[in-house]
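These notes are about the structure you will find just below.
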Amino acid sequence: MNNPVRDAKDRLRALIHAALRGAFGETPLEGGAEAIPVEIPKNTDNGDFSSSVCMACSKALGLPPRKIAERLAELLTKENDFLASCEIAGPGFLNFKLSDKWSGDVLRLVEESGADYGRVDFGGGKRVMVEFVSANPTGPMTIGNARGGVLGDALASVLDFAGYDVTREFYINDAGHQIEMFALSLEARYLQRIFGEDYCEFPENGYHGEDIRQLAFEFYTINGSSYSECDQRTRREALCQFGLEKNIRRLHDDLERYGIIYDNWYRESGLHNSGYVSETIDMLQKRGHIYESDGALWFRATSFGCDKDEVMRKQNGFFTYYAADIAYHRDKFERRGFDMAVDVFGADHHGHTIRFRAGMEALGIDPSRLRFVLMQLVRLTRDGEVVKVSKRTGKAITLSDLLDEIPRDAARFFFNNRQPDTHLEFDMALAVKQESENPVYYVQYAHARICSLLAMLRQEGVEPRRSARLDLTLLKQPEEISLIKAIAAFPEEVTVSARELEPSRINRYLAEVSASFHSFYNACRIRGQEDGLRDARLFLAWCARQVIANGLRILGVTAPEEM
RNA sequence: GCGCCCGUGGCGCAGUUGGAUAGCGCGUCAGACUCCGACUCUGAAGGCCGCUGGUUCGAAUCCAGUCGGGCGUACCA
């Protein structure tokens with residue numbers, strides 16, 4: 001057992017299944033025990049778990065739900081150490097209360113698993129790649145990248161916790177039109193540095209940022225004017241290489257400062273240089289999905305549900321970004337053998353999802369192996385006012401600007417605090433507040449409070465005891481019970497987060513456990529209680545600390561022992 | 001035009017494969033420490049789940065339509 005909630009549900013399903021067979025000789029639901037609905041009721045008065053199975057079976061059995069419920073309840077209440085009670089309520093719900101053995105099992109599992117409590121084998125060791133941020137190497141990272149960074153990183157951790165073999169990857173778009181523009185912009189600044197501002201026109205769609213000028217000047221400082229006389233191509237390549245390496249280094253460092261470490265940085269240019277892009281197009285051609293028109297090569301995307309075809313190779317002979325991306329994703333599945341690939345990107349790219357899937361299908365790769373997390377844009381605010389630019393630079397706020405102002409923990413927690421597909425409001429004033437209205441402090445405080453409690457009792461000579469020497473059935477106050485339930489929910493929360501690709505559930509879960517702990521802490525004193533009760537409660541607090549620490553670790557947020 | 005996402009108390013958001021009285025945080029109001037960290041807790045007020053119809057024992061959830069907001073629909077990435 002490593003998932004108490006899932007196990008309890010499965011066990012209840014099996015019991016109900018057996019009772020149905022016992023009472024009616026059949027299970028009228030298709031799918032057998034698996035299909036029996038069992039859930040945790042919102043209202044705790046309705047028990048620990050409940051089932052609406054009687055309503056679902058009513059028609060097939062030709063009996064009113066309550067009649068079915070009566071027959072089942074009779075069989076289900078026969079002695080067993082798992083169920084404490086089974087009651088009939090409302091239109092025919094079966095409401096179950098579990099015996100307190102279950103609570104003890106939950107806490108013993110936390111003790112046994114420690115830092116691994118919450119790990120489940122949902123992923124079955126399948127290899128999954130999470131590709132995220134993949135910001136253009138032509139400039140610094142934006143706030144949007146900051147959200148994508150946390151989202152991707154936390155998602156990767158969740159998947160790891162859920163039993164996948166995870167690889168984090170950054171895809172560097174170091175080829176194509178924008179890199180051309182990058183090179184042209186650098187060249188212009190370089191030549192202007194040598195021959196004066198009027199020497200040449202700045203390219204029309206070039207990058208006007210100060211960072212480009214800076215890069216060109218650095219290049220000049222190192223190489224002097226030696227590249228002013230050589231042929232254009234050599235000059236551009238040298239400048240481009242120089243600029244890219246500098247920028248990629250910076251992306252790497254900014255992300256590291258943010259707590260994000262990639263397993264792999266993958267270069268688009270490699271796909272072109274090795275001929276993999278054209279090989280991929282050849283493959284599509286052999287399968288009959290490519291045609292020529294107006295001097296360009298087109299992919300018949302309309303055969304796969306898209307509303308228009310896509311250019312793969314332009315009139316000018318260059319491949320489109322789309323062609324490279326199809327090759328890149330083919331590489332993920334075919335050459336590197338990932339079972340699943342997740343792409344995290346901005347909602348403004350949502351049009352890609354269907355086109356990417358079309359490409360995979362055309363290549364004979366099951367498109368369901370490719371999944372997407374789309375995130376909406378971020379709105380930065382300060383005290384209710386929208387913040388557009390950095391006070392210091394007057395330019396759009398970059399990730400490193402943000403980290404100059406906001407602690408890493410707060411930034412990481414905030415950017416993951418909402419479902420990806422909703423617009424996220426990031427209140428910079430709130431993020432630095434050390435008060436309960438700031439959710440990250442609320443959670444961290446709960447952790448610190450428990451640590452401090454443990455330390456204090458230790459000083460008084462009270463060590464936490466092993467569960468084997470405790471009577472956990474002493475924990476029966478409502479606050480104790482609901483804290484145990486909250487702790488029990490963690491593995492299932494990890495499972496659902498992984499299944500839905502939704503790491504923000506972990507934030508909400510942590511806030512819940514923390515609230516549950518604080519309530520417990522206020523209602524149930526530990527110091528000064530009779531030894532047995534004191535030790536049981538201390539153990540419960542210790543378990544709560546472990547769960548909070550594990551959850552925070554998934555988010556890449558620290559779990560401080562004091563604040 | 002076509003396509004995707006989002007409409008839930010004043011604000012920000014949850015709500016699992018349809019389930020019982022729609023929750024949480026902030027804010028508002030009223031309370032709780034000579035006692036384990038008050039960075040905390042307890043309670044109250046506050047909602048036609050955008051609107052209309054449909055599916056059924058049962059809808060915030062599924063379907064159709066409609067209104068409002070965001071985005072996409074390049075031989076850019």
*For A:Asp165 and A:Tyr291, compute 0.36 nm times the residue count separating them, minus their Cα-Cα distance, and round to one decimal in nm.*
41.5 nm
*Could you grab the relative contact order for chain A? Cα pairs under 8 Å, six or more apart, rounded to a whole percent.*
15
*asked:* Compute the angle between helix A:232-257 and the longest alpha-carbon principal axis of chain A, please, reported from 0 to 90 degrees and rounded to the nearest 10.
replied: 20
*Once the Cα atoms of helix A:490-500 and of chain A are each reduced to a long axis, what angle between those two axes, in degrees from 0 to 90 to the nearest 10, is obtained?*
40
*Using 0.36 nm per residue, how much length does the chain from A:Gln178 to A:Lys246 gain when fully extended, once their Cα-Cα distance is taken away?*
22.8 nm
*Per residue, what accessible area does chain A have, given a 1.4 Å probe and all protein chains present, in Å²?*
46
*asked:* Could you compute how much accessible surface A:Ile290 exposes when probed at 1.4 Å, giving the result in Å² to the nearest 10?
replied: 20
*Give the carbon-plus-sulfur fraction of the accessible surface of segment A:256-348 in %, rounded to a whole number; probe 1.4 Å, heavy atoms of protein chains only.*
46
*Pull out a ≥ b ≥ c, the square roots of the eigenvalues of the alpha-carbon gyration tensor of chain A, then state rounded if a/c is under 1.5, prolate if not and a/b is larger than b/c, and oblate in the remaining case.*
oblate
*On the accessible surface of segment A:19-160, probed at 1.4 Å, how many percent belong to carbon and sulfur atoms?*
48
*Give the accessible area for A:His252 in Å² (nearest 10); use a 1.4 Å probe, count only protein heavy atoms, and leave out ligands, DNA and RNA.*
50
*Excluding residues fewer than 8 places away in the same chain, name every one of the lysines whose C-alpha is closer than 16 Å to that of A:Lys126.*
A:Lys332
_Per-residue SASA entry for A:Arg545, accessible area with 1.4 Å probe, Å² rounded to 10_ = 50
*Using 7 Å Cα-to-Cβ label points, what is the A:Ala89/A:Glu562 separation (nm, one decimal)?*
4.5
*Quick one: of A:Lys246/A:Lys395; A:Lys78/A:Lys485; A:Lys9/A:Lys485; A:Lys101/A:Lys485; A:Lys59/A:Lys97, which pairs are farther than 22 Å apart, Cα to Cα?*
A:Lys78/A:Lys485; A:Lys59/A:Lys97
_Difference of contour (0.36 nm per residue) and Cα-Cα distance, A:Ile481 to A:Gln419_ = 19.4 nm
*Estimated FRET transfer efficiency (A:Leu377, A:Asp404; beta-carbon r; R0 25 Å; 0.05)*: 0.70
*Antiparallel DSSP beta bridges within chain A, percent to nearest 5*: 50
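The values are calculated or read from the model by the stated rules, or taken from the named source; none is laboratory data. Predicted model, so just to flag it, every value in this text is computed and none were measured. Cβ atoms come from the backbone with ideal geometry, glycine included; neighbour counts cover every protein chain shown. Remember, those area values only see protein heavy atoms, side chains included, never the ligands or the DNA or RNA. Shrake-Rupley method; radii C 1.70, N 1.55, O 1.52, S 1.80 Å.
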